[in-house]
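The structure under discussion appears below in the form of structure tokens.
The values are calculated or read from the model by the stated rules, or taken from the named source; none is laboratory data. Worth saying up front: this structure is predicted, and the values here are computed from it rather than measured. As a convention, Cβ positions derive from the backbone with ideal geometry for all residues, glycine included, and neighbour counts pool all protein chains shown. Note: accessible area is taken over every heavy atom of the protein model, side chains too, but ligands, DNA and RNA are not part of it. Shrake-Rupley method; radii C 1.70, N 1.55, O 1.52, S 1.80 Å.
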Amino acid sequence: MLTLQELHAAVDAGEIDTVLVALADMQGRLQGKRCAARYFLDEVVPHGAEACNYLLAVDVEMSTVDGYEMSSWDRGYGDFALRPDLTTLRRIPWHPGTALVLCDLAWDSGEPVVASPRQVLRRQLDRLAERGLRAYAGTELEFIAFRGSYEDAWRAGYRGLEPANQYNVDYSMLGTARIEPLLRAIRNGMSGAGLYVESAKGECNLGQHEIAFRYDEALRTCDNHVIYKTGAKEIAAAHGMSLTFMAKYDRREGNSCHIHLSVRSADGDEPVMAGGGEHGFSPLMSQFLAGLLANMRELTLLFAPNVNSYKRFVDGSFAPTAIAWGVDNRTCALRVVGHGASLRVENRVPGGDVNPYLAIAGMVAAGLNGIEHELPLQPAYEGNAYTDLDRPRVPSTLRDAAELFTKSTLAREVFGDDVVEHYLNAARVELEAFDAAVTDWERYRGFERL
């Protein structure tokens, strides 16, 4: 990490010549500008920068689409202001002479852009702070690595790609050693960018791996998440390889992004989830967890934002299908782990395509709802939740999740109608694009035989 004074010194010494001025878009990707470092110090730090507001009103292919109130052809696709958050300033060691800063977004009036994912999370963290509480989070992102570049994969139509491992390498030391040069470069690069790396391990799908990072305050964890996701792709490309975080690449295990969340007191940083109740819970923990359970279905759009997200939810796949909670039970949507100061809830619904700001905002909002209404907690689920068809289920399609989000009283109360409609429109755009597509599956089944 860099202070502004350290950046000045590094620029004067010729060590840094470029600053990436970035924002997190609706898809959780980094967008922005590469600024000359001297210009950044002279102009961007005191006055901010600008970017076209269509960055929060396009689909994954950057196509302009209809239906967004804040940005459209009728509104002229003007700018919003990028306001650097200097607490995020850091070196990016996999790019020579480069630093990066993340920005909050504002209109000319100074009002925040409420649909910005970072602002959506800030608003929920402020609500938590009003109760004297602070959220800590960790995200566990899985990816599948392939031999060959992104350009090779594009030219192949993403068919017949060679995974970096040819068999299940879950926890395999030999399997991770096969691509340790890439894994090491990512780990060391992230350490140099201010992230606290814990470990790397193999996963179940062919070529699938996970690099874990230490938990942190929720906003900082989300900032680190989006930097890591972009950086891992850039480092893979530099090694002539490619990797994907898409939720479900093939019929085998998908890429998850389990989110661990805990709450502490804002003043003394004391854990408040642990207590003398059953399972070592405090009343706050029980209510928070009950709120997550009660609101999970209607907030699933924030955890699974794409058509592909829902392909993960398969019985017996380590991706959840039942809305249930259990103590160290990986068949449930919510898994409680740890004890005392480490007591936390793990949300197993999100996949690797999740926008972490929106997902954690949803978890905080749901947990606060449980606290505010003192919701009772149902007993922990024991056994195989996949086989319990009487339990509420994770929505099985994006269309179902969008419908639930549309009707969510909680979402409209805590996020506001403007934010809800903004992300519902993103879901509609995704669904319209998918409905219009003709897939390989349809061609294989129907070209000759139908």
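Numbers for the structure displayed
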{"quantity": "Amide hydrogen neighbours beyond the local backbone of Asp104, cut-off 5 Å, H modeled", "calculated": "Arg83, Asp85"}
{"quantity": "Kirkwood-based Rg to Rh ratio, region 80-186, C-alpha trace", "calculated": "1.11"}
{"quantity": "Cα convex hull of region 136-203 - mean projected area over all directions, nm²", "calculated": "5.9 nm²"}
{"quantity": "Region 356-450, dipole about Cα centre (Lys/Arg Cβ +1, Asp/Glu Cβ -1), debye to the nearest 20", "calculated": "280 debye"}
{"quantity": "Arg147 accessible area, assembled protein chains, probe 1.4 Å, Å²", "calculated": "90 Å²"}
{"quantity": "Cα gyration tensor shape of region 5-119, rounded if a/c is under 1.5, else prolate or oblate by comparing a/b with b/c", "calculated": "prolate"}
{"quantity": "Gained length - Thr3 relative to Glu442, 0.36 nm times residue gap less alpha-carbon distance", "calculated": "152.6 nm"}
{"quantity": "Normalised contact order of the chain, rounded percent, pairs of Cα under 8 Å and 6 or more residues apart", "calculated": "15 percent"}
{"quantity": "Peptide ranges 259-272, 22-35 listed from the most packed, as the mean C-beta count within 10 angstrom indicates", "calculated": "22-35, 259-272"}
{"quantity": "Relative contact order of region 331-450, pairs being alpha-carbon contacts under 8 Å that are 6 or more residues apart, as %", "calculated": "17 percent"}
{"quantity": "Paramagnetic label zone (point 7 Å from Cα along Cα-to-C-beta, Tyr77; backbone N under 12 Å) in region 44-60", "calculated": "52-59"}
{"quantity": "Relative contact order of region 84-227, pairs being alpha-carbon contacts under 8 Å that are 6 or more residues apart, as %", "calculated": "26 percent"}
{"quantity": "Glu111, Glu403, Glu130, reordered so the largest accessible area comes first (probe 1.4 Å)", "calculated": "Glu130, Glu111, Glu403"}
{"quantity": "Convex hull projection area averaged over all views, region 96-250, Cα basis, nm²", "calculated": "11.8 nm²"}
{"quantity": "Gly275 long-range amide H proximity, modeled H, under 5 Å", "calculated": "Phe281, Ser282"}
{"quantity": "Span per principal axis, largest first, for the Cα atoms of region 169-297 (Å)", "calculated": "51, 35, 27"}
{"quantity": "Shape category assigned to region 298-450 from the gyration tensor of Cα positions, a/c cut at 1.5", "calculated": "oblate"}
{"quantity": "Lys, Arg +1 and Asp, Glu -1 on Cβ, resulting dipole of the chain about Cα centre, debye, nearest 20", "calculated": "1100 debye"}
{"quantity": "Alpha carbon centroid spacing (whole Å) that separates region 89-126 from region 370-430", "calculated": "27 Å"}
{"quantity": "Of Ala433, Ile371, Ile323, farthest towards positive along the dipole that unit charges on Lys, Arg, Asp, Glu beta carbons give region 319-437", "calculated": "Ile323"}
{"quantity": "Volume of the Cα convex hull of region 335-414, divided per residue and given in Å³", "calculated": "157 Å³"}
{"quantity": "List Trp94, Trp73, ordered by accessible area with a 1.4 Å probe, largest first", "calculated": "Trp73, Trp94"}
{"quantity": "Cross-link pairs beyond the 23 Å C-alpha cut-off, checked among Lys201/Lys229; Lys33/Lys248; Lys33/Lys233; Lys33/Lys229", "calculated": "Lys33/Lys248"}
{"quantity": "Alpha-carbon centroid distance for the pair region 268-282 / region 17-51, whole angstrom", "calculated": "41 Å"}
{"quantity": "Chain lengthening between Tyr167 and Glu217 when straightened (0.36 nm per residue, less Cα-Cα)", "calculated": "14.4 nm"}
{"quantity": "Residue-by-residue Karplus 3J(HN,Hα) for region 142-156, coefficients 6.51, -1.76, 1.60, Hz, glycine and proline x", "calculated": "9, 9, 10, 9, 10, 6, x, 7, 5, 5, 4, 5, 4, 5, 7"}
